[in-house]
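Student: Dropping a structure here in structure tokens format, bear with me for questions.
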Ligand SMILES: Nc1ncnc2c1ncn2[C@@H]1O[C@H](COP(=O)(O)OP(=O)(O)OP(=O)(O)O)[C@@H](O)[C@H]1O
């Protein structure tokens, strides 16, 4: 334990209970419910040291890689030592260890999930192989589904993500999904379709999911780390062998709020293997509101375990009483009468509300204010795109955290760019050629309203060099030249609906194209969830508005390219503001958290409150150590009142 950190009484009580649990000769468990920033990870790391000192084998589990890294970092900071290998794993990481591991020449997995030879040859895992398997399956299924399943590489990556989420959510354990395809009565088929529609999933998704899972299991080489917990749930004895062989008797789960039914099944297996559980989490940080499914109540299930002691950590260390008050007001809306969240009075926390966040940031950047410890947190990635656009315009340097894409690589930007190119080629001077234009056209080719069949699409892709080999850095080697590119545009233009083949002035043509190519529907279908689909539509409108300026589209494209290049150069050496979505902000902390309260921000969370929405706002607010900064838009009394009600601003 580092000298600078003195554990509070509540933290010490947890330590003492964990020590008792490790020493006791009967099975006990501890469940700690605590608010954000109350020192959950800090306490768990300290408790782990104590259990190790008792001579017991302990395994710490988290859900995300970020959580695992944070656990390891806190351990290093507290003890000055690195954790021994494999002592903190994600659930999927543990499952992978178990399914691929062996002890004294015997696999943990009873039916020899992998042979030693396979492990030696490293034949396992590799998401590239998963992608290949999925690509083959999609190609096969598309014969039946007439090309409805999107099949570009980026689509396949998104489909893998969707399949991963479907696994965690265990949606296909729903009785409506059980029946085998061949034996389905008509009404069962209707029920299944309805269930899929209620999750906003297309009808082919069930077929894709179930066939993919079957193939993946059969091929055995293709178990990836991601989603491995799902496979392990089908082989519980392997898990028992693993903990016995490694003499693990205490399991600690950080981020317990992320436990889904699937993971709880594994925890039950661990209990049957004789392990004691130490579970710590914050029920309000469960953000897994995937497609409107009822979240699994891990805390309620854990509270019913035999021999469980429930404890709490009441006080935040991260932020002072002012931010604690905001967090508390959100929690009270989620769960009236919930235990109050408090923070030290001496550490007050700042609240600043400005009408234009971007202008404030631009001014601060000019005055040399370091923005590196500031993070703008938005509800979805699509919201991040909109803010990016504003930051980009104002020349404010920013850094994208985790999977947030630069807006100029998003579908919305690419599809509008491709339309501008088509217009140039058909009605104006020739279309400017640039590698980004090839990617843009590739997106447009997938718009269903254009009606390209699979063959035409793949011919055009081949002409653009999009099926070509990859370079070492994973980028494709695009070999199209301006001449071929022009021909591809001509061929693509043949698929335009008649109304778009008639000459019209530029911005009017663009508006017609957005409407007649049903681009909102296209983006909605590609979004991970409906809210993201709506935001994606707003971004499309905004980009279309920008491209509608009274300047020739060719000039506009060139200007964008120059601006993007400038921006990328500037970004590489700037310690700019971080920008992320709430999902990726989890587990991190920043000095200042910036929350835009506009249409592409937290507005709908305040005006159309829902439990999932409140949880997201709670996570965003509680990432702040020193202050919250709001961008308040003048959108009427109702919003102003809500902002006042939560933030006191
Ligand atoms: N006893 C203590 N004294 C001083 N600071 C502490 C103490 N316990 C925790 N902290 C500090 O409080 C902050 C939050 O701690 P920690 O990350 O462990 O909280 P958490 O509850 O796991 O957070 P989250 O809810 O975001 O996962 C850290 O900066 C940590 O160093």
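The values are calculated or read from the model by the stated rules, or taken from the named source; none is laboratory data. A quick note: this is a predicted structure, and the numbers were derived from the prediction, not measured. No Cβ is skipped: glycine too gets one built from the backbone with ideal geometry, and neighbour counts run over all protein chains shown.
Student: From the list 566, 625, 603, which one is under 16 Å from residue 323 (Cβ atoms), surrounded by fewer than 23 Cβ atoms within 10 Å (Cβ to Cβ) and not assigned by TED's automatic domain parsing to the domain that holds residue 70?
Tutor: One residue alone meets the criteria, 625.
Student: Of all residues in the stretch 263-284, which are under 23 Å from residue 165 (Cα atoms) and surrounded by fewer than 20 Cβ atoms within 10 Å (Cβ to Cβ)?
Tutor: 264, 265, 268, 269
Student: Read through the list (1) crowded, with 22+ Cβ neighbours inside 10 Å; (2) more than 8 Å from the ligand (Cβ to nearest atom), then give the number of the only condition that residue 13 fails.
Tutor: (1)
Student: Just give me the residues in the stretch 338-361 being at pLDDT below 90 and either within 14 Å of residue 284 (Cα to Cα) or touching a helix residue (DSSP H, G or I) at 6+ places or on another chain (Cβ under 7 Å) (or both), in sequence order.
Tutor: 338, 339, 340, 341, 342, 343, 344, 345, 348, 349
Student: Same structure, new question: Only one residue in 636, 645 is loosely packed, with under 15 Cβ neighbours inside 10 Å and on the phi > 0 side of the Ramachandran plot. Which one?
Tutor: 636 is the lone residue from the list that is loosely packed, with under 15 Cβ neighbours inside 10 Å and on the phi > 0 side of the Ramachandran plot.
Student: Now for a different question. Among the residues that make up the stretch 587-594, is at least one of them away from the ligand (no atom under 16 Å from the Cβ) and assigned by TED's automatic domain parsing to the domain that holds residue 348?
Tutor: Checking the stretch 587-594: at least one residue is away from the ligand (no atom under 16 Å from the Cβ) and assigned by TED's automatic domain parsing to the domain that holds residue 348.
Okay, residues lined up against (1) surrounded by 24 or more Cβ atoms within 10 Å (Cβ to Cβ); (2) in contact (Cβ under 8 Å) with a residue 60 or more places away in the chain; (3) outside any loop (DSSP other than H, G, I, E, B); (4) outside the structural domain of residue 351 (by TED's automatic domain parsing):
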{"position": "376", "(1), (2), (3), (4)": "yes, yes, yes, no"}
{"position": "384", "(1), (2), (3), (4)": "yes, yes, yes, no"}
{"position": "389", "(1), (2), (3), (4)": "no, yes, yes, no"}
{"position": "439", "(1), (2), (3), (4)": "no, no, yes, yes"}
{"position": "446", "(1), (2), (3), (4)": "no, yes, no, yes"}
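Student: Taking the options 174, 231, name whichever one is modelled with pLDDT of 75 or more and closer than 30 Å to residue 132 by Cβ.
Tutor: 231
Student: Might you check whether a residue that is out of contact with any helix residue (DSSP H, G or I) (no Cβ under 7 Å at 6 or more places or on another chain), more than 16 Å from the ligand (Cβ to nearest atom) and under 28 Å from residue 67 (Cβ atoms) occurs anywhere in the stretch 575-582?
Tutor: yes
Student: Filter the stretch 448-479 for residues that are in a loop (DSSP other than H, G, I, E, B) and touching a helix residue (DSSP H, G or I) at 6+ places or on another chain (Cβ under 6 Å); which is modelled with the lowest pLDDT?
Tutor: Once the filter is applied, the top-ranked residue is 478.
Student: Please specify each residue of the stretch 584-603 satisfying the condition of being over 19 Å from residue 349 (Cα atoms), touching a strand residue (DSSP E or B) at 6+ places or on another chain (Cβ under 7 Å) and assigned to a loop (DSSP other than H, G, I, E, B).
Tutor: 598, 601, 602 - these are the residues of the stretch 584-603 that are over 19 Å from residue 349 (Cα atoms), touching a strand residue (DSSP E or B) at 6+ places or on another chain (Cβ under 7 Å) and assigned to a loop (DSSP other than H, G, I, E, B).
Student: Listed residues 265, 218; which is on the phi < 0 side of the Ramachandran plot, at pLDDT below 85 and more than 16 Å from the ligand (Cβ to nearest atom)?
Tutor: That would be 218, the only listed residue that is on the phi < 0 side of the Ramachandran plot, at pLDDT below 85 and more than 16 Å from the ligand (Cβ to nearest atom).
Student: Would you check which residues across the stretch 34-43 are more than 6 Å from the ligand (Cβ to nearest atom) and either surrounded by fewer than 24 Cβ atoms within 10 Å (Cβ to Cβ) or modelled with pLDDT of 95 or more (or both) and list them?
Tutor: 43
Student: Considering every residue within the stretch 347-360, establish whether at least one is farther than 23 Å from residue 576 by Cβ, within 15 Å of the ligand (Cβ to nearest atom), outside any helix (DSSP H, G or I) and outside the structural domain of residue 27 (by TED's automatic domain parsing).
Tutor: Within the stretch 347-360, one or more residues are farther than 23 Å from residue 576 by Cβ, within 15 Å of the ligand (Cβ to nearest atom), outside any helix (DSSP H, G or I) and outside the structural domain of residue 27 (by TED's automatic domain parsing).
Student: Here's something else I'd like to know. May I ask you to list the residues in the stretch 606-622 that are surrounded by fewer than 23 Cβ atoms within 10 Å (Cβ to Cβ) and part of a loop (DSSP other than H, G, I, E, B)?
Tutor: Of everything in the stretch 606-622, those that are surrounded by fewer than 23 Cβ atoms within 10 Å (Cβ to Cβ) and part of a loop (DSSP other than H, G, I, E, B) turn out to be 608, 609, 610.
Here's the yes/no breakdown for (1) over 30 Å from residue 324 (Cα atoms); (2) away from the ligand (no atom under 16 Å from the Cβ); (3) surrounded by fewer than 18 Cβ atoms within 10 Å (Cβ to Cβ); (4) in the same structural domain as residue 253 (by TED's automatic domain parsing):
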| position | (1), (2), (3), (4) |
| --- | --- |
| 19 | yes, yes, yes, yes |
| 24 | yes, yes, yes, yes |
| 28 | yes, yes, no, yes |
| 32 | no, no, no, yes |
| 48 | no, no, no, yes |
| 61 | no, no, no, yes |
| 65 | no, no, yes, yes |
| 73 | no, no, yes, yes |
| 81 | yes, yes, yes, yes |
